[in-house]
Amino acid sequence: MAALHDLSALEQAAAIRAGEISPVELTTHYLERIERLSNDVGAFVTVTAESALASARSAEAELARRTAPVSALYGVPTAIKDLTAVAGVEMRMGTAAFDPLVPDTDDHVVTRLKAAGMPLLGKTSTPEFGLPLYTEPDGQRPARSPWDLAISAGGSSGGAAAAVASGLVPVAHGSDGGGSVRTPAAICGLVGVKSSRDRISLGPRPRSGPGLGVHGFLTRTVADAAALLDATSGPMPGDATWLPLTSGRFVDATRRDPGRLRVGRHLVPTLADVEPHPDVIAAYEAVSSQLTELGHEVVDVAPPFGREVIADFETVWAKWAASIPIPADREHRLTALTRWLQERGAKVSAADYVRALGRLQLASRAAISAAAAYDVVLVPTLADLPKRVGELRDDDDPAADFAAQERFNPYSAAYNMTGQPAITVPLHWTAAGVPVGVQLVGAPAGEAVLLTLAAQLEEARPWRDRTPPSW
């Protein structure tokens with residue numbers, strides 16, 4: 001019989017509904033794995049064992065007396081990235097500049113996950129304020145890939161990726177402002193989905209600036225990612241903007257035949273002038289061939305942006321970093337990268353910031369219009385193979401650190417600018433056994449088509465049985 005963590009989240013939920021396993025049994029299984037393995041990969045900063053078991057017992061009791069259907073993931077545990085508030089649970093945000101905060105309310109995405117009956121196992125590690133594409137917070141263990149513990153799990157949802165890839169949690173919450181879900185998912189051999197802008201409420205917090213940041217999820221299967229989107233999509237009362245709810249469930253989209261789709265593809269990076277690694281090109285070409293074999297039309301297209309957007313993106317990113325309020329007597333505790341970004345952002349005037357936002361919006365409109373003839377766009381997730389812990393971070397030269405991150409992932413931030421949904425899928429491994437993710441980008445609000453195609457690729461080239469040594 002398969003171990004419990006071998007099952008997908010939807011399979012676990014089905015077994016719970018059938019009475020084959022209980023929420024308490026499943027939650028206990030994962031808590032035991034966290035205790036044994038989490039420190040090796042730097043996955044969790046806080047484990048909430050008591051409250052997770054209490055939630056699991058409550059779910060179990062509810063199942064015993066309930067006759068109406070429960071949610072698709074009822075009783076299946078998850079974890080929350082430590083940039084998102086969970087009432088009564090410490091939030092460190094990857095920084096030593098603040099003492100841990102204890103929120104008194106949940107962020108709305110957490111409210112929705114709790115309403116879906118999912119016990120929360122704890123908070124996963126993130127770098128300082130989620131700014132870099134590596135997860136190496138000062139005073140905490142770095143997040144590592146379970147495929148090779150010398151390799152960084154990426155960021156900023158690195159702890160979430162390390163947890164799911166190690167079988168410490170079946171699925172995990174993340175957030176993505178410039179590739180922060182897709183980068184660690186690609187490194188750790190996972191599915192990583194970035195939702196459309198306004199698909200999942202950011203409430204009760206206001207949307208910042210151009211709306212680069214959105215919620216997302218890291219999973220082992222496409223259907224699990226779809227089920228999480230079903231559980232969390234929709235506005236919080238009082239949201240200024242939101243996407244209308246879809247007429248059907250996203251998980252049902254993963255069971256449909258996509259028909260013949262028009263797939264545009266491009267290999268040209270947006271945020272840096274860099275040549276992709278040969279294994280990245282091999283993955284991109286292999287998936288292109290697979291799509292053609294599946295009956296889709298695959299054509300080369302221009303990248304969504306020219307290099308002229310780089311300065312505006314950097315301006316917006318730095319200004320957002322500068323907006324984080326840091327007490328003067330705590331600034332010395334910030335990482336070198338955060339201090340550099342804050343200093344850079346502080347030099348940007350309000351007028352220059354507004355002009356940069358306007359130019360990005362105009363460029364995004366043009367990019368979306370140019371891609372309107374295609375159902376999906378195929379691009380690499382990263383330009384290079386995963387990096388070793390500490391390889392991207394450069395405290396002596398934070399400008400070089402930031403530039404290295406742009407060279408490492410010059411693709412993903414483009415789709416935070418446009419607000420389109422995107423998903424990375426683990427369709428390629430190097431000869432040395434290193435995962436290489438490939439990214440699919442949907443039309444605006446086009447998660448359903450995106451998930452349908454990703455599920456078709458998963459069926460054609462299954463990956464879930466490929467697991468790291470510690471599995």
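One line per residue, one yes/no per condition, for (1) under 28 Å from G154 (Cα atoms); (2) open to solvent by 50 Å² or more (accessible area, probe 1.4 Å); (3) among the aromatic types (F, W, Y):
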residue: A2; (1), (2), (3): no, yes, no
residue: Q12; (1), (2), (3): yes, no, no
residue: V45; (1), (2), (3): yes, no, no
residue: S71; (1), (2), (3): no, no, no
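Do we have any residue at all in the range 312-327 that's of a type in the set (D, E, K, R), over 22 Å from E458 (Cβ atoms) and in a loop (DSSP other than H, G, I, E, B)? Spell out how you get there, then give the answer.
Step one: filter the range 312-327 for residues of a type in the set (D, E, K, R), giving 312, 314, 319.
The next check asks that each one be over 22 Å from E458 (Cβ atoms); those that pass are 312, 314, 319.
Restricting the remaining residues to those that are in a loop (DSSP other than H, G, I, E, B) gives none.
No: zero hits.
Results for (1) out of contact with any helix residue (DSSP H, G or I) (no Cβ under 7 Å at 6 or more places or on another chain); (2) surrounded by 13 or more Cβ atoms within 10 Å (Cβ to Cβ); (3) closer than 30 Å to G94 by Cβ, shown as yes or no for each residue.
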{"site": "T335", "(1), (2), (3)": "no, yes, yes"}
{"site": "G345", "(1), (2), (3)": "no, yes, yes"}
{"site": "L357", "(1), (2), (3)": "no, yes, yes"}
{"site": "A370", "(1), (2), (3)": "yes, yes, no"}
{"site": "V379", "(1), (2), (3)": "yes, yes, yes"}
{"site": "R393", "(1), (2), (3)": "no, yes, yes"}
{"site": "D396", "(1), (2), (3)": "yes, no, yes"}
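Per the listing A85, A52, the residue uniquely buried (at least 17 other Cβ atoms within 10 Å of the Cβ), in contact (Cβ under 8 Å) with a residue 24 or more places away in the chain and over 29 Å from W147 (Cα atoms) is A85. Scanning the range 420-459 for residues that are part of a loop (DSSP other than H, G, I, E, B) and either within 27 Å of P278 (Cβ to Cβ) or open to solvent by less than 10 Å² (accessible area, probe 1.4 Å) (or both) gives P421, T430, A431, A432, G433, V434.
Among the listed residues G238, G234, G264, G192, which satisfies the condition of being within 13 Å of the chain's Cα centre (by Cα) and small (G, A, S)?
On the way: G238 fails: within 13 Å of the chain's Cα centre (by Cα); G234 fails: within 13 Å of the chain's Cα centre (by Cα); G264 fails: within 13 Å of the chain's Cα centre (by Cα).
From the options G238, G234, G264, G192, the qualifying one is G192.
Note on the range 138-161: residues that are in contact with a strand residue (DSSP E or B) (Cβ under 9 Å, 6 or more places away or on another chain) and within 28 Å of G419 (Cβ to Cβ) amount to 10. For the range 383-394, the criterion of a residue being of a type outside the set (A, V, I, L, M, F, W, C), in contact with a His (Cβ under 6 Å, 6 or more places away or on another chain) and not in a strand (DSSP E or B) is satisfied by at least one position.
The values are calculated or read from the model by the stated rules, or taken from the named source; none is laboratory data. Values in this document were obtained by computation on a predicted structure and should not be read as measured data. Here the Cβ is made from the backbone with ideal geometry for all residues, glycine too, and neighbour counts use every protein chain on show. Ligands, DNA and RNA are stripped out before the accessible areas are found, and what is left, the full protein with its side chains, is counted by its heavy atoms. Shrake-Rupley method; radii C 1.70, N 1.55, O 1.52, S 1.80 Å.
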